[in-house]
Amino acid sequence: MSTPVPRPGPSFIREERVRLRGPDGSHGREVLLGMSEPSIMDDGWWLATMWAVDESGVIEATVVAPLAGPPPEQPVSLLGRILAGALAGLLDQEDGRQLIRLRMLPAADESRSWQRPLLLWLAVRWDPVRGAVMRPNELAREILRAFARSVEAANAPAASTPAASTPAASTPAGGGTQSSGRA
């Protein structure tokens, strides 16, 4: 990422702080995760933008890649799988699949897919009961906490990055691991 992307604006809810791992496994830099105020569509879908920033603006996805280096899969696949697992039970389902969709800005060179801003567009539809009993700021907090877990898990050592160590791995069949990686 040659020119840093500026912070998209104020976060709808208080930003989450995530301490990344340094190259030697020690504490690394701290990033802030935020999200825009969600737009709620007539059909119940929430649309929002999520980001990770430091003092210079939106960080590059390579900053949160596993310490051994970025995996071959797209960052939206890895982050989405973990995010969907963390939101399991809160999201509505259709045909046994969670209703969550993620997209990221395109990379300048798709062969280096992690070299793009860590800026995600999110679309979710809440389970009707959860949507009826939780306030919008509570639902937004759940999204941002799930995003924080996905960033922390992506930044873990390569041996623990696969789904086996993430909340998504314990999701029953038909849970959150199937649809989150679609752009």
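Bear in mind that the values in this text are calculations on the coordinates, not laboratory data. Since we're looking at a predicted model, the values are computed, not measured. Methodologically, a virtual Cβ is constructed for each residue, glycine included, from the backbone with ideal geometry; neighbour enumeration extends over all protein chains shown.
Listing for the model above:
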quantity	calculated
For the stretch 93-113 versus the stretch 9-85, the gap between their alpha-carbon centres in whole angstrom	14 Å
Selection of GluC sites (Glu not before Pro), the stretch 22-95, meeting DSSP coil and at most 11 other Cβ within 10 Å	E55
Per DSSP, loop trypsin sites (Lys or Arg not before Pro) in the stretch 3-80 with at most 14 further Cβ within 10 Å	R14
Fraction of alpha-carbon pairs over 24 Å apart in the stretch 16-165 - percent	31 percent
